[in-house]
Amino acid sequence: MSAIEVYLGDLKSRLSGSAAVKADLLTEARDGLHDAAEAYREGGIDESEAERRAVADFGPVDLIARAYQAELGLRRDIRVLWELIIGVPVLMFAWDFARALSFGDWSRFGAPPPSWYHRVIDAADTLAALSPVVAVAGVIAARQLSRRGDGGPTARVVALALAVAVGANLLAVTMYGGATGVLEPARLVVSVPCVVMSAAWILFSLRLTVAARRHRRPSRVIAA
C-alpha cells in the first residue's frame, strides 16, 4: 500500500461523524496529497519518495485529524441549528392544529385559567419562537464569519447560538408542561393526537440537547 493510502487510512480511523462529510474531507486530502506527490515526481523524485514527502508536507496525522474532526463537529452543530429552524415551528403549528382538530377551544374546560398561567404560557410562546430565530442568526453569522478565514469566531458564534436556541426551546417545553400540569393535569392529555405531538416535541428537544452537548470547538473554517 502506498504511503498516501496508509496516511489516509490512519486519518479516516481517527474521525467520527457524518459519513458524507468525512468522505468529502478525505477526498480533499487525497487530491491534495496526490497533487503534491505529482509535483515531486515532475522534479525527478521517484514515486515512493514523492509520496513520502507529500505526506510529510501535509502534516502529522494527529494534527490533521484534530482539524478535520473540528470541521465535522462544526458541520454537525450547524445541522442541529437547521433542525431547530425547521422543527420548532413545525411542531408548534402541528400541536395547535392537532388540538383544534381533535379537541377544540380551551373554553371546554370551563372557567378560564388564572392570570399567572397566561403569563407563563406567553413566556413559553416567546421562548419557543425565539429558538428558531436565534438559530437563523447563528447560521447567517457563521456564513459571514467563515468567509474571513478564521474558524475561531465561527466556532464561538455557532456554540453560543446552539446553546441559546436549544436552551430556549427546552425551557419553553418545560414551562408548557410544568404550568399545565400544575394548573390542571387533564389539559396535558386532551386528545391522543395532542399527546403524540407533545411526546414528539419532548423527544425532539431532548435529542437536540444531547447533540448540542457534544459540541467540539473547531479550529478551522467551515462555510455554513
Practice task
Evaluate the following for Leu127: is it farther than 16 Å from Gly177 by Cα and either open to solvent by 50 Å² or more (accessible area, probe 1.4 Å) or aliphatic (A, V, I, L, M) (or both)?
Solution key: no
Exercise for the section: Consider Arg156 carefully, then state whether it is in a loop (DSSP other than H, G, I, E, B) and either open to solvent by 30 Å² or more (accessible area, probe 1.4 Å) or more than 11 Å from Leu81 (Cβ to Cβ) (or both). Expected result: no
Exercise for the section: Write out, first by first residue and then by second, each pair whose Cβ atoms fall under 8 Å of each other, whose residues are 6+ apart or on separate chains, and whose first residue, in the stretch 114-130, is among the charged types (D, E, K, R) while the second is open to solvent by less than 50 Å² (accessible area, probe 1.4 Å). Expected result: Asp125/Ala172
Problem - Some residue of the stretch 13-20 being open to solvent by less than 20 Å² (accessible area, probe 1.4 Å), at pLDDT below 95 and closer than 30 Å to Ala163 by Cα - result: yes
Problem - helices (runs of 4 or more DSSP H) contained entirely in the stretch 1-103, each with at least 1 residues that are without any contact (Cβ under 8 Å) to a residue 12 or more places away in the chain and of a type in the set (Phe, Trp, Tyr) - result: 61-102
Exercise for the section: Working carefully through the options Tyr176, Tyr117, find the one that is among the aromatic types (Phe, Trp, Tyr), within 20 Å of Gly87 (Cβ to Cβ) and either touching a Cys at 6+ places or on another chain (Cβ under 6 Å) or assigned to a helix (DSSP H, G or I) (or both). Expected result: Tyr176
Handout entry: Scan of the stretch 23-42 for residues that are of a type outside the set (Gly, Ala, Ser), within 25 Å of Asp77 (Cα to Cα) and open to solvent by 40 Å² or more (accessible area, probe 1.4 Å), ordered by number
Key = Asp24, Thr27, Glu28
Handout entry: Residue tally, condition of a type outside the set (D, E, K, R) and more than 16 Å from Pro132 (Cβ to Cβ), over the stretch 85-116
Key = 17
Exercise for the section: Would you tally the residues in the stretch 104-113 being surrounded by 12 or more Cβ atoms within 10 Å (Cβ to Cβ) and either without any contact (Cβ under 8 Å) to a residue 40 or more places away in the chain or closer than 18 Å to Met197 by Cβ (or both)? Expected result: 1
Exercise for the section: Would you be able to say whether some residue in the stretch 131-149 is of a type in the set (Gly, Ala, Ser), under 29 Å from Ser16 (Cα atoms), modelled with pLDDT under 90 and out of contact with any helix residue (DSSP H, G or I) (no Cβ under 7 Å at 6 or more places or on another chain)? Expected result: yes
Handout entry: Filtered residue count, the stretch 181-215, keeping only those that are polar (S, T, N, Q), at pLDDT 90 or above and closer than 26 Å to Pro113 by Cα
Key = 1
Practice task
List the number of the failed condition for Glu49; all other conditions in (1) within 27 Å of Ile4 (Cα to Cα); (2) of a type in the set (D, E, K, R); (3) more than 22 Å from the chain's Cα centre (by Cα); (4) open to solvent by 60 Å² or more (accessible area, probe 1.4 Å) hold.
Solution key: (4)
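The values are calculated or read from the model by the stated rules, or taken from the named source; none is laboratory data. Remember, predicted model here, so these are calculated numbers, not experimental data. Here the Cβ is made from the backbone with ideal geometry for all residues, glycine too, and neighbour counts use every protein chain on show. Note: accessible area is taken over every heavy atom of the protein model, side chains too, but ligands, DNA and RNA are not part of it. Shrake-Rupley method; radii C 1.70, N 1.55, O 1.52, S 1.80 Å.
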